[in-house]
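Take a look at the structure below.
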Amino acid sequence: MTDNIVVSGLGCISAAGDNVFEFESMLFNPSLISSIAPTDIMKPDENIPFIAAQVKNYNATNYFPKKELKLLDRYAQFALISAEQAIKDAKLVFNSTNQHRTSVVHGTSIGGQETIESSYYELFSQGKSRAHPFTVPKLLPSSASANISMKYGITGPTFATSSACSSSGHAIAMAVLMLRSNLIDHAIVGGAEACITKGNFYAWNGLRVLSNDTCRPFSQGRSGLVIGEGAATLILERESSAKVRNATIYAKLAGIGMSSDAYSAVQPLADGAILAMNAAINDAGINATDIAYINAHGSGTIQNDQTESQAILSVFNPETCSPLVSSTKGGHGHMLGAGAALESIASILALRKQTIPATFNFIDKDPKCNINVVTKNDTRTELNYAMCNSFAFGGLNTSLIFKCA
């Protein structure tokens with residue numbers, strides 16, 4: 001019998017809450033509003049609407065000694081915070097017998113953006129002659145994974161995945177493959193992002209995809225995406241291992257799908273998304289009709305939402321099945337490389353509560369997004385399988401399927 005891959009620990013920090021409990025409350029409590037607001041990290045600019053999903057009231061010294069902060073970009077700080085939560089939640093204790101059989105795979109789209117911009121400012125605006133000696137280790141996309149491994153003495157496979165908005169989806173998928181091949185026994189997987197910076201906002205604004213009001217996935221009148229920050233981490237292991245440890249099994253990770261559009265750097269293609277979803281369904285050994293809920297990529301941009309809707313309608317024939325769909329980005333923003341990990345947690349919470357999180361800020365149906373979008377809180381239904389989609393710039397796609405434990 002195949003030993004299932006299961007999720008035994010969860011951790012997160014985002015604009016929607018500093019931990020999983022707060023995140024769950026935001027997702028399912030209809031009295032709570034979106035965490036999207038003008039950011040206090042940057043001064044207002046008449047050229048760009050600086051709205052974001054920012055981690056509220058964050059003080060790094062509440063989590064780390066000042067000595068450690070010299071080596072940690074904001075994104076790596078978030079990664080370490082979420083990893084610690086997940087490891088404690090899984091009741092994992094590392095020692096010489098399991099450290100080499102554990103992997104750390106953390107994804108990020110951009111990495112140490114705050115470090116990059118502050119270093120450029122010092123060099124090119126203030127006229128400094130050299131950068132701080134810790135600049136390179138802080139800005140690396142692999143910095144989060146490296147710091148997690150050093151904190152816990154993890155000597156197994158440790159690396160970063162960087163595939164834009166699918167980064168943490170690829171991290172999760174790679175960990176599943178390593179667990180299935182018996183290369184490791186435990187995996188600390190997820191993603192982190194902290195790029196609410198002026199330079200990054202100007203870059204994104206150049207693409208004309210930033211929202212001027214809020215994030216309204218699949219809704220008529222949507223104006224674009226809203227950048228978020230934070231991190232999410234999951235602990236993966238084989239089911240037999242989790243049972244021996246008497247660990248909480250939050251869900252089974254039933255299927256993974258990955259694909260590439262091979263089409264455009266910025267324009268999405270439905271064919272690639274279709275490939276990823278079908279690959280995940282085939283990997284799980286189920287039928288499309290078994291999927292009751294899709295946590296969509298749902299970025300809130302005109303083209304992405306329409307293309308994803310087209311792909312969903314192709315995979316899930318409305319005449320035979322019509323899964324409920326929602327995007328949670330209206331509540332926590334688009335966390336880029338960390339999005340797939342946080343949205344995986346949202347999917348798992350939906351399975352455990354048998355409740356679909358609503359699509360925040362929805363106004364009216366877009367006829368070109370003719371999918372079964374959930375817009376009301378407390379939508380209860382029978383859920384056994386949930387799919388979590390992430391579709392990135394460059395046509396890099398992941399689709400994950402979770403099953404009730």
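The values are calculated or read from the model by the stated rules, or taken from the named source; none is laboratory data. A quick note: this is a predicted structure, and the numbers were derived from the prediction, not measured. For neighbour counting, all protein chains shown are included, and Cβ atoms are generated from backbone atoms with ideal geometry for every residue, glycine included. All accessible areas refer to the heavy atoms of the entire protein, side chains included, with ligands and DNA or RNA removed. Shrake-Rupley method; radii C 1.70, N 1.55, O 1.52, S 1.80 Å.
Key figures
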item: Test: Asp305 is open to solvent by 40 Å² or more (accessible area, probe 1.4 Å), over 23 Å from Ser162 (Cβ atoms) and either in contact (Cβ under 8 Å) with a residue 12 or more places away in the chain or out of contact with any helix residue (DSSP H, G or I) (no Cβ under 6 Å at 6 or more places or on another chain) (or both); result: no
item: Qualifying positions in the range 186-200 - open to solvent by 10 Å² or more (accessible area, probe 1.4 Å) and small (Gly, Ala, Ser); result: Gly199
item: Test: residue in the range 337-360 that is over 19 Å from Met26 (Cβ atoms) and modelled with pLDDT of 95 or more; result: yes
item: Single condition Lys138 does not satisfy, out of (1) of a type outside the set (Val, Ile, Thr); (2) open to solvent by less than 30 Å² (accessible area, probe 1.4 Å); (3) in contact (Cβ under 8 Å) with a residue 40 or more places away in the chain; result: (2)
item: Unique residue being under 19 Å from the mean Cα position of the chain (by Cα), on the phi < 0 side of the Ramachandran plot and not acidic (Asp, Glu) when the list is Lys252, Lys243; result: Lys252
item: Failed item, numbered, when Ser181 is tested on (1) buried (at least 18 other Cβ atoms within 10 Å of the Cβ); (2) free of Cβ contacts under 8 Å to residues at least 40 places away in the same chain; (3) among the hydroxyl-bearing types (Ser, Thr, Tyr); result: (1)
item: Count of residues meeting criterion [in a helix (DSSP H, G or I) and touching a Leu at 6+ places or on another chain (Cβ under 9 Å)] in the range 149-170; result: 6
item: Within the range 235-264, considering residues that are closer than 28 Å to Phe316 by Cβ, among the aliphatic types (A, V, I, L, M) and not in a strand (DSSP E or B), the one most open to solvent (accessible area, probe 1.4 Å); result: Ala262
item: Subset of the range 77-93 (residues that are touching a strand residue (DSSP E or B) at 6+ places or on another chain (Cβ under 7 Å) and either open to solvent by less than 40 Å² (accessible area, probe 1.4 Å) or aromatic (Phe, Trp, Tyr) (or both)); result: Phe78, Ala79, Ile81, Ser82, Ala83, Ala86, Ile87, Ala90, Leu92
item: Subset of the range 284-302 (residues that are in contact (Cβ under 8 Å) with a residue 60 or more places away in the chain and either part of a loop (DSSP other than H, G, I, E, B) or of a type in the set (D, E, K, R) (or both)); result: Ile286, Asp290, Ala296, His297, Gly298, Ser299, Gly300, Thr301
item: In the range 180-211, the residues that are charged (D, E, K, R) and under 25 Å from Ser145 (Cβ atoms); result: Arg180, Asp185, Glu193
item: Selection within the range 94-147 - hydrophobic (A, V, I, L, M, F, W, C) and either part of a helix (DSSP H, G or I) or more than 25 Å from the chain's Cα centre (by Cα) (or both); result: Phe94, Ile116, Leu123, Phe124, Ala131, Phe134, Val136, Leu139, Ala144, Ala146
item: Residue list for the range 201-224, filter: outside any loop (DSSP other than H, G, I, E, B), in contact (Cβ under 8 Å) with a residue 40 or more places away in the chain and open to solvent by 10 Å² or more (accessible area, probe 1.4 Å); result: Tyr202, Asn205, Leu210
item: Within the range 265-278, considering residues that are small (Gly, Ala, Ser) and buried (at least 19 other Cβ atoms within 10 Å of the Cβ), the one farthest from Val7 (Cα to Cα); result: Ala270
item: Count - residues of the range 367-394 that are in a strand (DSSP E or B), without any contact (Cβ under 8 Å) to a residue 60 or more places away in the chain and among the hydroxyl-bearing types (Ser, Thr, Tyr); result: 1
item: All positions within the range 378-402 that are open to solvent by less than 50 Å² (accessible area, probe 1.4 Å) and either of a type in the set (Gly, Ala, Ser) or more than 15 Å from Ala292 (Cα to Cα) (or both); result: Ala386, Ser390, Phe391, Ala392, Gly394, Gly395, Asn397, Thr398, Ser399
item: Hits in the range 308-324 (condition: buried (at least 24 other Cβ atoms within 10 Å of the Cβ) and hydrophobic (A, V, I, L, M, F, W, C)); result: Ala311, Ile312
item: Top-ranked residue in the range 271-283 [being out of contact with any Asp or Glu (no Cβ under 8 Å at 6 or more places or on another chain), of a type outside the set (Val, Ile, Thr) and touching a residue at least 40 places away in the same chain (Cβ under 8 Å); ranked as farthest from Leu396 (Cα to Cα)]; result: Asp283
